[in-house]
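All remarks here apply to the structure that follows.
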Amino acid sequence: MKTDILVWSSLIAALFPRKDDLDGIERIALSFGLSIAIVPLLGLALNYTPFGIRLSPILIVLSVFTIALAVGVYIRKSMIPEEDRFVVNFDEFKDFLLAQVFFYKKKKCIDRIISVILVISIILAISMTVYVIVTPKEGEKFTEFYVLGPNGTASDYPTNLKVGEKGEVIKDKV
């Protein structure tokens with residue numbers, strides 16, 4: 001789920017708002033670990049509510065949790081001087097990727113090929129994840145069958161019929 005990614009990144013940003021708190025690798029590792037721990041716990045708590053574990057309640061709970069964390073991040077970061085705040089600079093990351101894949105002159109040809117394959121694999125994995133989320137699998141279909149008595153209730157129905165004896169079947173139109 002996309003919201004899953006936002007949950008863990010928001011939680012790490014709320015817990016460690018300063019840029020000196022954690023390295024980038026530590027942030028990513030903790031993010032994945034906390035995601036694996038928190039999202040199932042939210043699902044378990046949701047299981048004990050009248051709403052149960054269905055798509056809409058799960059999305060609502062994860063969205064509310066993520067928004068609450070984002071508000072917490074905003075409050076915590078507003079109390080920290082701007083030069084000490086952790087900020088993800090996407091322009092630098094994009095430039096780094098482009099330099100690594102295409103424009104780095106000292107790289108060997110095999111290194112460039114492996115880098116391109118890695119970037120394509122990551123893009124493919126992300127697009128497959130989005131596809132799986134957008135087109136959910138169709139659920140199982142069940143047949144409803146029950147026995148009713150002559151007056152349409154689940155009582156007073158014949159339990160033993162003999163050969164030649166007539167019984168009545170009520171077909172309910174759905």
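In the range 35-52, which residues are surrounded by 13 or more Cβ atoms within 10 Å (Cβ to Cβ) and under 13 Å from the mean Cα position of the chain (by Cα)? Selection gives SER35, ILE38, VAL39, LEU42, GLY43. Checking the range 91-109 against the condition returns no match, with no residue being outside any helix (DSSP H, G or I), at pLDDT 75 or above and exposed (fewer than 12 other Cβ atoms within 10 Å of the Cβ).
Name the one entry in VAL147, VAL169, VAL174, VAL130 that is surrounded by 10 or more Cβ atoms within 10 Å (Cβ to Cβ) and modelled with pLDDT under 80. Show your work before the answer.
Values: VAL169 fails: surrounded by 10 or more Cβ atoms within 10 Å (Cβ to Cβ); VAL174 fails: surrounded by 10 or more Cβ atoms within 10 Å (Cβ to Cβ); VAL130 fails: modelled with pLDDT under 80.
Just one listed residue meets the conditions, VAL147.
For ASP84, the requirement of being in contact (Cβ under 8 Å) with a residue 24 or more places away in the chain, exposed (fewer than 12 other Cβ atoms within 10 Å of the Cβ) and more than 27 Å from THR135 (Cβ to Cβ) is not met.
The values are calculated or read from the model by the stated rules, or taken from the named source; none is laboratory data. Just so it is clear, the structure is predicted and the values come from calculations on it, not from any experiment. Note: ideal-geometry Cβ built from the backbone for every residue, glycine included; neighbour counts use all protein chains shown.
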